[in-house]
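> Pasting a structure below so you can have a look.
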Amino acid sequence: MKYIWIDIGTHFAQEYNSIFGSNIKFLIKISKNIFDNYLFNKRIPKIDDIFDLIKNRIELKKKKDKFYFVFVEANPRIFFFKKKYQEADIAFNIAITDNFKYSKFPKKKTKLYILGNDFFSQGNSIYSKTKRSNFDKNKFIWTKGISANNFFLSLKKRLDRNFNKYKIILRLNCEGAEDTIVYETHKIFKNNLSILSGSFQDVKNIKGRKAYKTFQKFLKEKKIKTYLFTSKVDSWNKIFKKINRTVK
């Protein structure tokens, strides 16, 4: 069994690094999190939770050869200058978009809008409609866009050629495209979608409450549980444990 880690909106690969990156940087980040929580009167992690986090991370690092890593990043300024993308089994500098109206055009040039004049922001998005105050629709860079349907159909063909059995571990932070990506992943991979993690609030923030409610209804109907997984330490414990229990 191979576990296909598909990371869409990889950015600086913070979530990948939280498990497979430097041990020293991991411990520094844990220590900083404890100190910051103490300083700002937030909940300090229990000792048992910290031990569980470290234990699950150690076990997952030992299982690294069971994973096949797929990194997807829309921003060419990040993709071509971050060495971390070389650690992926396959990496794409593309934006995965809502499905295009005409299927004969599976790819097209797409605007990646820059948030707050920061070309490396995690908030950069392919959507021009947003409620964010520091957004300027005239500030963008060009990237390649491919519809979610075409991307996952092509990826499935590749995976089917390479592996007899596999499960999908999907991590998302793609500023509003999360719902479309989940719909297509479920349609194409069906029960092979094993874990869905990331951050999903941008569906509501960018596409609106109606789209978000539709997305939540879909998850409930298909019995798909989501796990928060971001660069923040507080999101790591549950998802580390879930991945570790899933990967045999």
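The values are calculated or read from the model by the stated rules, or taken from the named source; none is laboratory data. The model shown is predicted, which means the values in this text are computed figures rather than measured ones. Quick reminder, even Gly has a Cβ in these numbers, built from the backbone with ideal geometry, and neighbours come from all protein chains shown. The accessibility values were calculated without ligands, DNA or RNA, using every heavy atom of the protein model including side chains. Shrake-Rupley method; radii C 1.70, N 1.55, O 1.52, S 1.80 Å.
> Ignoring everything but the protein chains, give the 1.4 Å probe accessible area of Arg57 in square angstrom, nearest 10.
Answer for Arg57: close to 10 Å² accessible.
> At 222 nm, what value in deg cm²/dmol follows for the chain if DSSP H runs of at least 4 each add -39500 (n - 2.57) and the sum is divided by all its residues, to the nearest 500?
Rounded to the nearest 500, it is -12000 deg cm²/dmol.
> Please calculate the 1.4 Å probe accessible area of Asp49, with all protein chains present, and give it to the nearest 10 Å².
Counting only protein heavy atoms, Asp49 exposes about 50 Å² to solvent.
> Considering only DSSP beta bridges where both residues belong to the chain, give the percentage that are antiparallel (nearest 5).
Of the beta bridges lying entirely in the chain, close to 25 percent run antiparallel.
> Using alpha-carbon pairs under 8 Å, 6+ residues apart, how would you state the relative contact order of the chain in percent?
Relative contact order here is 24 percent.
> Related question: Checking the cross-link filter: which aspartates and glutamates have an alpha carbon closer than 12 Å to that of Lys204, excluding same-chain neighbours under 8 positions apart?
Candidates past the 8-residue exclusion: Glu175, Glu178, Asp179.
> Right, next: What are the residues whose amide H is under 5 Å from the amide H of Leu193, where those residues sit 5 or more places off or on another chain and H is modelled from the backbone?
It is Ile168, by chain and number.
> Around Lys2, what is the net charge, scoring Lys/Arg as +1 and Asp/Glu as -1 over all other residues with Cβ under 9 Å from its Cβ?
Spelling it out: positives minus negatives among the neighbours equals +3.
> Right, here's the next one. Working with all protein chains in place, sort Phe81, Phe67, Phe92 by solvent-accessible area computed with a 1.4 Å probe, largest first.
These residues rank, largest area first, as Phe81, Phe92, Phe67.
> Additional query: Leaving out ligands and nucleic acids, note down the accessible area per residue over the chain with a 1.4 angstrom probe, in whole Å².
Per-residue accessible area for the chain comes out at 57 Å².
> A further question on this structure: What residues qualify as long-range amide H neighbours of Ala95, i.e. H under 5 Å apart, gap of 5 or more or another chain, H built at 1.01 Å from N?
Residues meeting the criterion, in which the H sits 1.01 Å from N, are Lys144, Gly145, Ile146.
> Could you give the C-alpha radius of gyration of segment 44-102 expressed as a fraction of 2.2 N^0.38 Å, taking N as the number of residues it contains?
1.66
> Expressed as a whole percent, how much of the Cα-Cα distance distribution for segment 22-66 exceeds 14 Å?
58
> I need the Debye-formula profile for segment 133-248: one equal scatterer per C-alpha, no solvent, reported as log10 I(q)/I(0) at q = 0.18, 0.23 1/Å, two decimals.
-1.09, -1.44
> So, one more: Once neighbouring chains are kept in place and the probe is 1.4 Å, which whole percent of the accessible area of the chain is contributed by carbon and sulfur?
52
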